[in-house]
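Asks: Questions regarding the structure given below will be posed in turn.
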Amino acid sequence: MSPTDPSPAKTQPPLLAVRGLRKSFGANRVLDSIDLTVDRGRVLALIGPSGSGKTTILRCLNGLELADGGTIDVAGELSIDFAQAPPKKRLSALRDRSAMVFQHYNLFPHKTVLENVIEGPVGVQKRPRADAVAEALALLDRVGLGDKRDSYPFELSGGQQQRVGIVRALALKPQLLLFDEPTSALDPELVGDVLRLIKELAREGWTMVIVTHELEFAREVAHEVAFVDGGVIVERGDPKQLLRHPQHERTKQFLHRLL
Ligand code: ADP
């Protein structure tokens, strides 16, 4: 398994470039001029207090939410300017570039593990079923869940469900993996397996944006950390530097509360 394009970033445009992204829900301005850049094969961790806008950033990145303004460019190939209502085709192209792993797994409860994994590749991407099944089984084997192919989500632990959630994202062969607090719904003893899997994916060169409150994990896995508060990126930088020596008072207070 490998990302669609694992080649190094240096001479290429960033995989993800976000400029001035804005989003309000009614009168509530949730994102205010968010700028982000993620090069191929790099991992960006978003940290910040609850309600600061981290999930909304992810949801805008894969078109689950429509931003009110700003631009998203993917791999220098797809460019969307949200100042105008983007055409449906572009939005669906944006959705195709990334895959999301959700906090609460969001597996289809009435489908088996295998059916959950092949739903996207077969149902949405229209890939041949036999190929999708073979790839799904290889991915499930890889995460130690090959024997659960015919189980239903309710028969699995939270950690197993989340590994299925990750396999389901990988099966879409996205350019960008988005993780929304992937371990925060798990019992503590189940967190480790999921974090280990995400670290492996990072080592393999997948490009990822990860919302997490696991600061130690962010320090280990991310190439860059951004601290989000009140819908803005307050500061961003090298994880070791930012987590140990934050520059801004708001970051200091947030980290102080967690550490
Ligand atoms: P975080 O992920 O940092 O906890 P969110 O992005 O989930 O923050 O939420 C940011 C703000 O946007 C919160 O005030 C939340 O209530 C609001 N919000 C998020 N989604 C919606 C929505 N669909 N409708 C209205 N308000 C929303």
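Taken together, the values in this text are just the output of simple stated rules run on the coordinates, not laboratory data. Only a predicted model underlies this, so the values are computations on that prediction, with no experimental measurement involved. Ideal geometry is used to build each Cβ from the backbone, glycine not excepted, and the neighbour counts take in all protein chains shown.
Asks: Which ones in region 237-259 are in contact (Cβ under 8 Å) with a residue 60 or more places away in the chain and in contact with a helix residue (DSSP H, G or I) (Cβ under 8 Å, 6 or more places away or on another chain)? So that I can check it myself, show each step before the final result.
Replies: The first filter runs over region 237-259 and keeps only residues in contact (Cβ under 8 Å) with a residue 60 or more places away in the chain, leaving 239, 254.
PRO239, the sole residue that qualifies.
Asks: Continuing with the same structure: Cβ contacts < 6 Å: first residue at positive phi and touching a residue at least 12 places away in the same chain (Cβ under 8 Å), restricted to region 28-53; second residue assigned to a strand (DSSP E or B) and within 15 Å of the ligand (Cβ to nearest atom), any location; separation 6+ or different chain. Result?
Replies: The qualifying pairs are GLY48/PHE227; GLY48/VAL228; GLY48/ASP229; GLY53/VAL30; GLY53/LEU31; GLY53/VAL228.
Asks: Would you mind listing the helices (runs of 4 or more DSSP H) fully within region 63-150 where at least 3 residues are touching a strand residue (DSSP E or B) at 6+ places or on another chain (Cβ under 9 Å)? Walk me through it before giving the result.
Replies: Numbers: elements: 88-97, 113-118, 129-142.
Counting at least 3 such residues, we get 88-97.
Asks: For region 81-112, name all the residues that are farther than 29 Å from SER184 by Cβ and of a type in the set (A, V, I, L, M).
Replies: Within region 81-112, ALA83, ALA85, ALA93 meet the criteria.
Asks: Go through (1) surrounded by 15 or more Cβ atoms within 10 Å (Cβ to Cβ); (2) in contact with a helix residue (DSSP H, G or I) (Cβ under 9 Å, 6 or more places away or on another chain); (3) in contact (Cβ under 8 Å) with a residue 40 or more places away in the chain one by one and return the number of the condition PRO109 breaks.
Replies: So PRO109 meets the others, but not (1).
Asks: If a residue has to be within 16 Å of the ligand (Cβ to nearest atom) and hydroxyl-bearing (Ser, Thr, Tyr) to count, how many in region 52-94 make the cut?
Replies: 3
Asks: All but one of (1) crowded, with 17+ Cβ neighbours inside 10 Å; (2) over 21 Å from TRP206 (Cβ atoms); (3) aliphatic (A, V, I, L, M) hold for LEU172; state the number of the condition that does not hold.
Replies: (2)
Asks: While we're here: Among (1) closer than 24 Å to GLY230 by Cβ; (2) assigned to a strand (DSSP E or B), which single condition is ARG59 missing?
Replies: (2)
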